[in-house]
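What follows is calculated from the coordinates using simple rules that are stated; it is not laboratory data. The structure displayed is predicted, hence computed values, not measured ones. Note that we place each Cβ from the backbone using ideal geometry, even for glycine, and neighbour counts take in every protein chain shown.
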């Protein structure tokens with residue numbers, strides 16, 4: 001009975017997710033390719049919303065800028081040993097925006113923030129190297145990640161989630177490449193920043 005319930009949730013969730021990703025307008029070649037791969041995953045697997053899919057599963061992240069778009073809220077991730085945007089596994093929740101909101105609150109204790117765009121702002125497939133989590137070995141796999149854009153006051157109270165992150169801090173946008181140790185993620189953040197500048201900081 002429980003398996004049938006999981007199957008129903010995943011199937012109905014997949015329909016909504018497929019439509020959401022199909023309607024997404026890619027920003028660059030990386031997003032064009034990753035969009036196609038995500039749709040292939042959804043057509044191939046019926047458990048992409050569960051981390052039990054050892055090949056790849058969906059995650060949802062929040063790229064959080066401050067009031068004047070000069071800083072980004074990032075957490076120092078203990079597993080990746082690098083500053084990162086906030087986010088996590090969707091774990092059967094097909095409302096990816098809600099996941100990003102939940103993860104923002106859990107990882108930063110931030111309560112007041114604005115959703116600048118309710119639609120997906122960025123998508124990317126992220127390679128996850130093998131690692132130990134909770135004393136259990138996790139094999140290399142992919143995160144099929146969607147990112148939302150939030151905005152918050154950099155003076156509001158924040159606190160890191162100690163079981164996952166060593167700190168949570170507002171990082172100057174110009175310093176992101178200095179605090180991010182993952183080469184592939186630097187490219188992703190540069191893409192998101194370029195899109196922010198084009199959409200919010202360019203006088204049309």
(message) Quick check for you: which residues of the range 24-64 have the amide N under 13 Å from the point 7 Å beyond the Cα of residue 202 toward its beta carbon?
(response) 27-28
(request) Return the calculated 222 nm mean residue ellipticity for the chain, to the nearest 500 deg cm²/dmol, obtained by summing -39500 (n - 2.57) across DSSP H runs with n ≥ 4 and dividing by the residue count. (result) -11500 deg cm²/dmol
(request) Label the range 149-204 by shape, choosing from rounded, prolate and oblate, from the square roots a ≥ b ≥ c of the eigenvalues of the Cα gyration tensor; if a/c is under 1.5 it is rounded, and otherwise prolate applies when a/b is larger than b/c, oblate when it is not. (result) oblate
(request) With a cut-off of 11 Å, note down the residues of the range 51-67 whose backbone N falls inside the zone around a label point 7 Å from the Cα of residue 130 toward its beta carbon. (result) none
(message) Compute the angle between helix 183-200 and the longest alpha-carbon principal axis of the chain, please, reported from 0 to 90 degrees and rounded to the nearest 10.
(response) 70 degrees
(request) Rank 16, 74, 185 by mean-square fluctuation in a GNM of the chain with C-alpha springs under 10 angstrom and give only the top-ranked residue. (result) 16
(request) Sticking with the crude label model, points 7 Å out along Cα→Cβ, report the distance from residue 70 to residue 93 in nm, one decimal please. (result) 3.3 nm
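Considering every Cα-Cα pair within the range 91-164, what fraction, in whole percent, is farther apart than 14 Å?
Above the 14 Å cut-off, the range 91-164 has 70 percent of its Cα pairs.
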(request) Using only Cα atoms, find the angle between the long axis of helix 96-108 and the longest principal axis of the chain, and express it within 0 to 90 degrees, rounded to the nearest 10. (result) 50 degrees
(request) Note down the relative contact order for the chain as a percent, whole number, built from C-alpha pairs under 8 angstrom at least six residues apart. (result) 23 percent
(request) Return the single residue from 133, 105, 191 with maximal mean-square fluctuation; model: Gaussian network over the chain, springs between Cα atoms under 10 Å. (result) 133
(message) Pick from 129, 167, 60 the residue whose mean-square fluctuation is largest in a GNM of the chain, springs joining Cα atoms under 10 Å.
(response) 129
(message) I'd like the FRET efficiency for residue 78 and residue 33, computed as 1/(1 + (r/R0)^6) with the beta carbon distance as r and R0 of 35 Å, rounded to 0.05.
(response) 0.70
(request) On a 0 to 90° scale, report how tilted helix 2-22 is relative to the longest principal axis of the chain, with both axes built from alpha carbons and the result rounded to the nearest 10. (result) 50 degrees
(message) Could you check the spin-label model distance between residue 156 and residue 137? Points 7 Å from the Cα along Cα→Cβ, value in nm.
(response) 4.3 nm
(request) Specify whether the C-alpha gyration tensor of the range 2-200 places it in the rounded, prolate or oblate class, a ≥ b ≥ c being the square roots of the eigenvalues: rounded for a/c under 1.5, otherwise prolate if a/b is larger than b/c and oblate if not. (result) prolate
(request) Looking at the chain, send over the antiparallel percent of its DSSP beta bridges, to the nearest 5. (result) 75 percent
(request) Please report, in whole Å, how far the alpha carbons of the range 16-99 spread along each principal axis, starting with the longest. (result) 40, 29, 23
